[in-house]
Amino acid sequence: MILAYPMSGGAENVRKFKVGISFTVAGVPAIMSATLPGVVLPSTTVAADAIGVTTDTGTYSTTQGDAEGLVSVMWRPDNVYKALMSGAAAAGTALVKLVNTAVDTAGLTVTDADVGTADMDGGTLICIKGANLSQSRVVTTFTSGASVAVTVPFLNDIAINDEFILIPYADVGTGAAGADGNSAVQLTSDLAGANAVIASGTGINVVVVEVVVDPDDPTTKSYVLFKLADHVYDIDTI
Amino acid sequence: MPFVDSLEHPGRRTTIKGYQSPASWLTDLVTLRKFIILCSFCRTKFNHRKNRYRRFYCQDITGKTDGFQVNGRCDACKQNTVLLNGGSGYVAEELYSQVCEEPSSIRRVNARAKNYAKSIWSACNQK
């Protein structure tokens, strides 16, 4: 993930921290450890007491004479990070493209078995081909393996073969079930991206700020922007 | 949870035993492809292009800085760059796209997104 911007502006701040585990990929969150002698990696779903996101890599060693491992961290608690959305647990996989199979003149429901089984209620449905091109709506009803529906209709009818992408994130919500797309992002296996095929509200605690969809390549160049919610300089533990 | 400052790396050694010069410390950082912070006085002595580094950029939504300013402890003089007219950050070229975006690509994406829904060509083409 990359740094999008600090929410309150100004210059970025970077500090070098000792590592308690090897960091092999840059642009991953670093968190505090209660037992290890330095910052460590989070899991894909838990990043309690995060300190920020790394800007380089670092090697941990317990051998006498080796250089002390260090990693540089962008540590401002108001930083907004930008993670590439992936259509699988591994980073860099294209998002699933939904192709509508049933006409809906009310502009509310997209029908396609490819919606999968992960509950995206609270996520966002974005039209990438059809009369509603570039419009987005928050998902309010999810029917596993069948369809998704919104409450505020798309401006035009949803026709057969209209294409959409469905993501578990939204920049609005309360964090409660059904409105939790703004509260969590699950990381990809390399911890540098966002796994966008999981249920809304699953993953590390964040505040989703924005979703950016590249109009030319929406399935492989779409990003979720978020702020780390459980930051060591912000709040101890949620 | 440990006290955060105790986890901060001290940087180059400046004690009588084991003193390391700024040049030696920077050479170590470059060898390991680490992020480098330099104050406004020390950065003139570091040729980032020669060492395959790029200046870190992050857009400043308030417009107070040009986006290239990064503060922290200067890796050469060990002073806080806030007190020295602001610092610069340097990222190894191979890591640049993993941690920050160059300003031109941010402008390009923003412009495309802004015009996307309005374009007649886009509407006709039904991407």
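Applying the criterion of being more than 9 Å from chain A (Cβ to nearest Cβ) and among the aromatic types (F, W, Y) to the residues of region B:17-39, the residue that is surrounded by the most Cβ atoms within 10 Å (Cβ to Cβ) is B:W25.
When residues in region A:51-79 are screened for being of a type outside the set (S, T, N, Q), over 19 Å from the mean Cα position of the chain (by Cα) and part of a strand (DSSP E or B), 4 of them pass.
Against the definition (in a loop (DSSP other than H, G, I, E, B), of a type in the set (S, T, N, Q) and either away from every other protein chain (no Cβ under 12 Å) or under 20 Å from A:K18 (Cβ atoms) (or both)), how does B:T14 come out, yes or no?
Here the answer is yes, as B:T14 does meet what is asked.
Looking only at residues in region B:91-107 that are β-branched (V, I, T) and at the interface with chain A (Cβ under 7 Å from one of its Cβ atoms), the one that is farthest from the chain's Cα centre (by Cα) is B:V99.
Yes or no, residue by residue, for (1) more than 20 Å from A:V110 (Cα to Cα); (2) in a loop (DSSP other than H, G, I, E, B); (3) in contact with a Lys or Arg (Cβ under 7 Å, 6 or more places away or on another chain):
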site	(1), (2), (3)
A:A170	no, yes, no
A:L191	yes, yes, no
A:N205	yes, no, no
A:V224	yes, no, no
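When region A:16-50 is filtered for residues that are within 7 Å of another protein chain (Cβ to nearest Cβ) and either in a loop (DSSP other than H, G, I, E, B) or surrounded by fewer than 22 Cβ atoms within 10 Å (Cβ to Cβ) (or both), the ones remaining, listed by number, are A:K18, A:A26, A:G27, A:M32, A:A34, A:G38, A:D49. Going by the structure shown, is A:V71 in contact with a strand residue (DSSP E or B) (Cβ under 7 Å, 6 or more places away or on another chain) and β-branched (V, I, T)? Yes, satisfied. Residue under question is A:D121, and the condition is that it be more than 10 Å from chain B (Cβ to nearest Cβ) and crowded, with 19+ Cβ neighbours inside 10 Å; does it hold? Yes, satisfied. If you filter region B:47-66 down to residues that are within 24 Å of A:D78 (Cα to Cα) and surrounded by 22 or more Cβ atoms within 10 Å (Cβ to Cβ), you find that the one that is farthest from the other protein chains (Cβ to nearest Cβ) is B:Y57.
Here A:S8 passes the criteria (1) out of contact with any Asp or Glu (no Cβ under 9 Å at 6 or more places or on another chain); (2) assigned to a loop (DSSP other than H, G, I, E, B) except the one numbered (1).
When you scan region B:20-32, do you find a residue that is modelled with pLDDT under 95, in a loop (DSSP other than H, G, I, E, B) and among the acidic types (D, E), even just one? Checked region B:20-32: no residue is modelled with pLDDT under 95, in a loop (DSSP other than H, G, I, E, B) and among the acidic types (D, E).
Kindly establish whether B:K78 is on the phi > 0 side of the Ramachandran plot and not in a helix (DSSP H, G or I). Taking the combined requirement at face value, the residue satisfies it. From the list A:V99, A:V139, A:V103, the lone residue that is within 14 Å of another protein chain (Cβ to nearest Cβ), among the β-branched types (V, I, T) and either farther than 30 Å from A:T54 by Cβ or surrounded by fewer than 18 Cβ atoms within 10 Å (Cβ to Cβ) (or both) is A:V99.
The values are calculated or read from the model by the stated rules, or taken from the named source; none is laboratory data. For clarity, every value in this text was computed on a predicted model and none was experimentally measured. Counting neighbours? That spans all protein chains shown, and the Cβs are built from the backbone with ideal geometry, glycine included.
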